[in-house]
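A quick write-up on the structure given underneath.
Coordinate-derived values only; no laboratory data. Bear in mind the structure is a predicted one, so any value in this text is a computation, not a measurement. Positions of Cβ are backbone-derived with ideal geometry, glycine not excepted, and every protein chain shown enters the neighbour counts.
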Amino acid sequence: MLKEIAVLIQKEITLEWRQKYALNGILLYVVSAVFITYLSVGAKQGNIGVPTWNALYWIIILFSAVNAVAKSFVQEHQGRQLYYYMIASPEAIIISKIIYNTLLTLVLALLGYLVFSVILGNPVQDQGMFLLNLILGAVGFSACLTMVSGIASKASNNATLMAILSFPVIIPILLMAIRVSKNAIDGLDWSVSLDKIVTLMAINVIVAVTAYILFPYLWRS
């Protein structure tokens, strides 16, 4: 299975590299969203507060992740899915999708953090906690959206279905990530955020394990 996962991840990277317009479009979205925020919420005059900075950052990262991960299964036509069905196990497919989407979301999150720091300033005092929170948030978003993308690809109105199914899981992940990052911005001790970090890890594990268990039944359909 490890060899299958490695080959499938390499395939995802190769496809993304060939279709550079998709990645470039997402990167443009991140940069333009930050720049519009800079012009519209008073950041140019230094009027943006820490809670606003934190909320805007995670909103932009969430929508960037949705745009990046939504195409996981939707872009795969039926002939290619049948080919995957014949050569790889469903467990390897879902794990490779989650790993690749996590890497892609993490790249977008780090790029957004860099752009935010340059344009809007960097109020984060505890960089280690903030980066750990970024990783956990990227894993949570990717695991949830990848599984929902697989379900939505089996339906005709996949965009609407994906939004409805992902909402109950995305909201707890987003709330935990916002709270941990706020503590990191304020420079609070790790003990203050430990319960929230554990909760975020638990949500990620539950979502990933659920996807691993349920995806083979979805894949056979």
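Laid out as a table, the results:
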item	result
Solution diffusion estimate, µm²/s, Stokes-Einstein, the chain, Kirkwood Rh from C-alpha pairs, 4 °C, viscosity 1.567 mPa s	71
Eligible aspartates and glutamates near Lys97 by straight Cα distance, threshold 13 Å, same-chain separation 8 or greater	Glu4, Glu12, Glu16, Glu76
Relative contact order computed over the chain (Cα-Cα under 8 Å; 6+ residues apart), in percent	26
For Tyr29, Tyr57, order by how many other beta-carbon atoms lie within 10 Å, fewest first	Tyr29, Tyr57
Calculated FRET efficiency for the pair Val192/Ser117, C-beta based, R₀ 35 Å, to 0.05	0.90
MRE, 222 nm, helices only [DSSP H, n ≥ 4, -39500 (n - 2.57), over the chain, to nearest 500]	-29500 deg cm²/dmol
Phe63 versus Met201: modelled label distance in nm, points set 7 Å from Cα along the beta carbon direction	3.3
Residues Arg18, Arg179, sorted so that the one with the fewest Cβ neighbours within 10 Å comes first	Arg18, Arg179
For the stretch 6-13, Karplus couplings with θ = phi - 60° (6.51, -1.76, 1.60), whole Hz, Gly/Pro x	5, 5, 5, 5, 4, 5, 4, 5
